Amino acid sequence: MVLRLLFVLSLMTTALVAVEIGDSKNEVVAELGPPRSTIGIGSREILSYGTGKIVLTDGKVSADDALITKSPAPAVTPPKSTPVVKAPVPQRAATRTGKAHWYTNLAHAKSAAARSNKRILALFTGSDWCPPCQTFEAEVAHDQQFAGIFASSFVFYKCDWLRNTPQPPVVEQEVSRARREYGISQYPTLMVLNAEGEELDEVDGTRVRDQRNHDRGHR
């Protein structure tokens, strides 16, 4: 299975209007403009806008997960003796769950994946120095809707390489070992692992290259 994540930031803030269940991605973008970010794993894709998120399943707005605000019905104009009453705006709220639990110990993540017969979604990030990492964590990784969609298939593991924040030696060793094992030099990086920790796929996305590692690899 090809897994893909496209992480694109824009300055556009657009209200979610006139989006219907069953609309295609092209119809959503034509109506609302480019999303602030997009993440897709398998058949599902989340489009993030300033006022909410839209979930596509197989390229169509999904009825069970989409957060959609439809356009308001036109105002009804009764006789002059009666006050004007506007029809309410129907809304469909997304099903909410708790935030994703991100393991910080790979061995613990492997054990959880083996017990639950799931794969591991591994995030390699730098939360105190990498702006794209900080944005991804704030808008995607800790989003309740993200957890609700992917927690049934994945155990979440985060390897956070901090440059400016002291960490306990055991944590520093864990982070260094994981970075070396998977050859991480770009941030953020997402990988899909099996319960044994073997890489199955790398999810495409916006990253910041660790220039020091990159230079060492080209000497």
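Throughout, read-outs are computed from the coordinates displayed, never taken from laboratory work. Owing to the predicted nature of the structure, the values given are computational and were not obtained by experimental measurement. Methodologically, a virtual Cβ is constructed for each residue, glycine included, from the backbone with ideal geometry; neighbour enumeration extends over all protein chains shown.
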S152 paired with A107, simple spin-label distance in nm, labels 7 Å along Cα-to-beta-carbon = 3.3 nm
ask   = Which order do peptides 164-173, 185-194 fall in by mean Cβ count within 10 Å, highest first?
value = 185-194, 164-173
inquiry  = I want to check the label-to-label distance for D58 and W129. Put each point 7 Å from Cα in the C-beta direction and report it in nm to one decimal.
reply    = 4.6 nm
note = With +1 on the Cβ of every Lys and Arg and -1 on the Cβ of every Asp and Glu, the dipole magnitude of segment 145-190 about its Cα centre, in debye rounded to the nearest 20, is 80 debye
request  = Determine the dipole magnitude for segment 102-217: charges of +1 sit on the beta-carbon of Lys and Arg, -1 on that of Asp and Glu, nothing else is charged, the reference point is the Cα centre, and the result goes in debye to the nearest 20.
outcome  = 220 debye
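Exactly which trypsin sites (Lys or Arg not before Pro) in segment 127-179 are in a DSSP loop and have at most 12 other Cβ atoms within 10 Å? The partial results should precede the final answer.
Values: sites: K158, R163, R177, R179; in loops: R163.
In loop regions of segment 127-179 (DSSP not H, G, I, E or B), the sparsely surrounded trypsin sites (Lys or Arg not before Pro) are R163.
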